[in-house]
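First the structure, in the form of structure tokens, and then the observations on it.
Every read-out reported here was derived from the displayed coordinates using simple, explicitly stated rules and does not represent laboratory data. Model, not experiment: these values are computed from the prediction. As a convention, Cβ positions derive from the backbone with ideal geometry for all residues, glycine included, and neighbour counts pool all protein chains shown.
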Amino acid sequence: MRRKLIVGNWKMNGSLAMNAELLSGIREGLAGIDCDLAICVPFPYLPQCQAALEGTDVALGAQDVSAHAVGAYTGQISTRMLLDFGCKYVIVGHSERREYCNESDELVANKVQRALAGGLTPIVCVGESLYDKEEGRTAEVVGRQINTVLSVLEEREVCDIVVAYEPVWAIGTGKTPSPLAVEEVHAMLREQMIRKNPDAIECVRILYGGSMKPGNAEELLHMPDIDGGLIGGAALKASDFLAIARQASKLG
Ligand SMILES: O=C(CO)COP(=O)(O)O
């Protein structure tokens, strides 16, 4: 059975003071939670979050990583630097980076390779735009995004990634696809990964992201191929983040 994983993506939010409150709220509410938990925070706050999460099972992650190992890449952050601050995860290919930073499928694939080589677990984001959805192209777009990543991975590496399906039109909008519609995409994604490595049936977790809240998490997390959530807005409130984690815990 795949263990559920709930990841908070703080995006470009927070301050030292706000984070301190959020982190202590998370720490205080962890009792009884029995799923994997992580938060992916802005780079400057990694040391603060690392210190605040010490002694808990909440893992730390970043929201992007360079495709390069080291050197003259002004403004970029390497896997080595993220490891220095205790990161386990890194989000790669979030739709906000694909859109605002022009990240291509190929660059995303290179970053996934670099993250794996550096010992981090990439959370690989895929998802269709509203236009793609309305044109009936969800499977094509999401299939292309995941296959570009799979094409650069060794068979064994498939088990070292986490995938997040985030329909762009559901992010921050309060709109979510039906659990069955999400399940259909997740099953398709798993099928693609199984083709590369049959173990993906068990070893790869596929998260859903896009307006996941305490009110809709349970019905989504109930689906057989929805292994957790990548949470934006609701991860900025400790009580909401923990409520989602508690629902995941009930489901294994
Ligand atoms: O983009 C997301 C997580 O990466 C989802 O954001 P929201 O939960 O705010 O819709």
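Just to be sure before I move on: is Leu107 touching a strand residue (DSSP E or B) at 6+ places or on another chain (Cβ under 8 Å), among the aliphatic types (A, V, I, L, M), over 25 Å from Asp227 (Cα atoms) and touching a residue at least 40 places away in the same chain (Cβ under 8 Å) in the structure I sent? No: the conditions fail for Leu107. Scanning the range 210-237 for residues that are within 11 Å of the ligand (Cβ to nearest atom), of a type in the set (A, V, I, L, M, F, W, C) and touching a strand residue (DSSP E or B) at 6+ places or on another chain (Cβ under 7 Å) gives Met212, Ala217, Leu230, Ile231, Ala235.
Under 26 Å from Ser66 (Cβ atoms) and of a type in the set (S, T, N, Q) - does that describe any residue in the range 16-25? So far as the range 16-25 goes, yes, one or more of its residues are under 26 Å from Ser66 (Cβ atoms) and of a type in the set (S, T, N, Q). Given the structure, is Ala187 assigned to a helix (DSSP H, G or I), within 12 Å of the ligand (Cβ to nearest atom) and either in contact (Cβ under 8 Å) with a residue 60 or more places away in the chain or aliphatic (A, V, I, L, M) (or both)? Against the criterion (assigned to a helix (DSSP H, G or I), within 12 Å of the ligand (Cβ to nearest atom) and either in contact (Cβ under 8 Å) with a residue 60 or more places away in the chain or aliphatic (A, V, I, L, M) (or both)), Ala187 does not qualify.
For the range 190-227, give me each residue that is free of Cβ contacts under 8 Å to residues at least 60 places away in the same chain, surrounded by 15 or more Cβ atoms within 10 Å (Cβ to Cβ), assigned to a loop (DSSP other than H, G, I, E, B) and not aliphatic (A, V, I, L, M). Selection gives Asn197, Ser211, Lys213, Asp225.
Tell me, yes or no, whether the range 27-34 has at least one residue that is more than 17 Å from the chain's Cα centre (by Cα), farther than 19 Å from Thr121 by Cα and of a type in the set (Val, Ile, Thr). Yes, the range 27-34 contains a residue that is more than 17 Å from the chain's Cα centre (by Cα), farther than 19 Å from Thr121 by Cα and of a type in the set (Val, Ile, Thr).
Taking the range 44-63 as the range and being in a helix (DSSP H, G or I) and within 23 Å of Asp240 (Cα to Cα) as the test, the residues that pass are Tyr45, Leu46, Gln48, Cys49, Gln50, Ala51, Ala52, Leu53. Here is the figure for the range 3-26: residues that are over 20 Å from the mean Cα position of the chain (by Cα), under 13 Å from Ser239 (Cα atoms) and not charged (D, E, K, R) total 2. So, Met1, is that one in a loop (DSSP other than H, G, I, E, B), touching a residue at least 60 places away in the same chain (Cβ under 8 Å) and exposed (fewer than 15 other Cβ atoms within 10 Å of the Cβ) or not? Yes: the conditions hold for Met1. None of Gly252, Gly174 is away from the ligand (no atom under 15 Å from the Cβ) and either part of a loop (DSSP other than H, G, I, E, B) or closer than 28 Å to Asn13 by Cα (or both) except Gly252. Sort out which residues of the range 115-166 are in contact with a Lys or Arg (Cβ under 7 Å, 6 or more places away or on another chain) and either small (Gly, Ala, Ser) or within 13 Å of the ligand (Cβ to nearest atom) (or both), and write them in order of number. Those that are in contact with a Lys or Arg (Cβ under 7 Å, 6 or more places away or on another chain) and either small (Gly, Ala, Ser) or within 13 Å of the ligand (Cβ to nearest atom) (or both): Gly118, Val162.
The set of residues in the range 92-126 being on the phi > 0 side of the Ramachandran plot and surrounded by 19 or more Cβ atoms within 10 Å (Cβ to Cβ) consists of Gly93 alone.
Of the residues making up the range 161-172, none is surrounded by fewer than 21 Cβ atoms within 10 Å (Cβ to Cβ) and free of Cβ contacts under 8 Å to residues at least 40 places away in the same chain.
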